[in-house]
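The values are calculated or read from the model by the stated rules, or taken from the named source; none is laboratory data. What you are looking at is a predicted structure, and each value in this text was computed from that prediction instead of being measured. A quick note on method: Cβ atoms are made from the backbone with ideal geometry, for glycine too, and the neighbour counts reach across all protein chains shown. Ligands, DNA and RNA are stripped out before the accessible areas are found, and what is left, the full protein with its side chains, is counted by its heavy atoms. Shrake-Rupley method; radii C 1.70, N 1.55, O 1.52, S 1.80 Å.
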Amino acid sequence: MQIVKSVAEMQNVCRSLRMAGSVLGFVPTMGALHEGHLSLVRRARSECGTVVASIFVNPLQFAPGEDFTKYPRTFEEDCRLLELERVDVLFAPDAAEMYPNGSVTTVTVSGVGDRLDGTSRPGHFTGVATVVAKLFHVVGPTRAYFGQKDAAQLAVLRQMIRDLNFDVELVGCAIVRDSDGLALSSRNKYLSPMERGQALVLHRTLLGLEQMIAEGERQSITLVRRGMETLNTGIGVRVDYLAIVDANSLLPVTSVERGTLVAVAAYVGSTRLIDNFLAT
Ligand code: AMP
């Protein structure tokens, strides 16, 4: 695996690969890799001639006071895992390389970017859209792989790709969970053993709602009320949102249809966790 740290070199490497006719599959990450990330890499490996990954903890998507400085950084181990998955090129710039002094341009996806996590984390999706736009310009991928775990992020990036005419296919990949149902996340590392148990209420809530929908309940108001009851049984859990929304616009819907997004965000102790499902 070739590890590249500079934008200019990465652009050269990726340009050469494209000119040689290779289809580039790109998996952007913030590192601290787990099976969720690796599922995206495997999907890219199975669909593309060349697999490019990136590791960059993007300061722009963290608000002051959020966990940017304590975000887990496990670069050596990440490289080992990516090698095992036969990643061809890893882009791992530092913050000064991505945001040199004097850079001022950002990408704001209005509306969609202000909903769900965008409401509770103002500016977060501007940080995400900006770094992903830059990474797309550096790599020039044919396909880019993102997790359904971050459903709002997918909606924001879909909108950005459409609005800015990025010639890239966005591939959304299913949520990978631990055996007890907790969605894998780099932030799960913050949880104490007790909090790890408390965090299971997120998945339990979603399973309950999935079941109600399967049994024919379609009214969002009823589903949200029931879901909040379950979440509120969680000790040490503070709900940020439980929302039933259109998966593209992230606007609330009154009635659930196939493809409607049911999403939850909650703090377990001081750790913010998210999870969701798409109604079938
Ligand atoms: P992150 O490193 O948290 O920025 O995540 C990098 C990519 O991995 C994003 O597209 C995430 O949606 C995806 N991802 C994170 N956790 C999971 C998971 N449990 N299952 C599937 N994809 C995931």
Quiz item: Looking at the square roots a ≥ b ≥ c of the eigenvalues of the Cα gyration tensor of the range 48-182, which shape do they give, rounded for a/c under 1.5, prolate if a/b is larger than b/c, or oblate?
Solution: rounded
Quiz item: When only alpha-carbon atoms count, how far does the range 129-189 stretch along each of its three principal axes, as whole angstroms with the largest first?
Solution: 40, 18, 18
Quiz item: Normalized C-alpha radius of gyration of the chain, against 2.2 N^0.38 Å?
Solution: 1.01
Quiz item: Under a straight-distance cross-link criterion of Cα-Cα below 16 Å, which aspartates and glutamates are reachable from Lys5, leaving out those fewer than 8 residues away in the same chain?
Solution: Glu76, Asp78, Asp88, Asp94, Glu97
Exercise. Output the relative contact order of the chain, whole-number percent, from Cα pairs under 8 angstrom with separation of 6+ residues.
Key: 18
Quiz item: If you place +1 on the Cβ of every Lys and Arg and -1 on the Cβ of every Asp and Glu, how big does the dipole about the Cα centre of the range 24-120 come out, in debye to the nearest 20?
Solution: 200
Quiz item: Measuring from label point to label point, each 7 Å out along Cα→Cβ, what is the Arg162 to Thr254 span in nm?
Solution: 2.4
Practice problem: Return the lysines within reach of Lys149: Cα separation strictly under 18 angstrom, same-chain partners fewer than 8 residues apart disregarded; answer none if there are no such residues. | Solution: Lys189
Quiz item: With all protein chains present, how much of the accessible area of the chain (probe radius 1.4 Å) comes from carbon and sulfur, to the nearest whole percent?
Solution: 52
Quiz item: Cα convex hull of the range 25-124: how many Å³ per residue?
Solution: 134
Quiz prompt | Angle in degrees between helix 200-214 and the longest Cα principal axis of the chain, rounded to the nearest 10 | solution = 70
Quiz item: So what's the projected area for the range 1-67, the Cα convex hull averaged over all directions, in nm²?
Solution: 5.6
Quiz prompt | the range 115-272 pair-distance distribution - Cα-Cα, 5 Å bins, rounded % | solution = 1, 8, 16, 19, 20, 16, 11, 6, 2, 0
Quiz item: How much accessible surface does Ile3 have with a 1.4 Å probe, in Å² rounded to 10?
Solution: 80
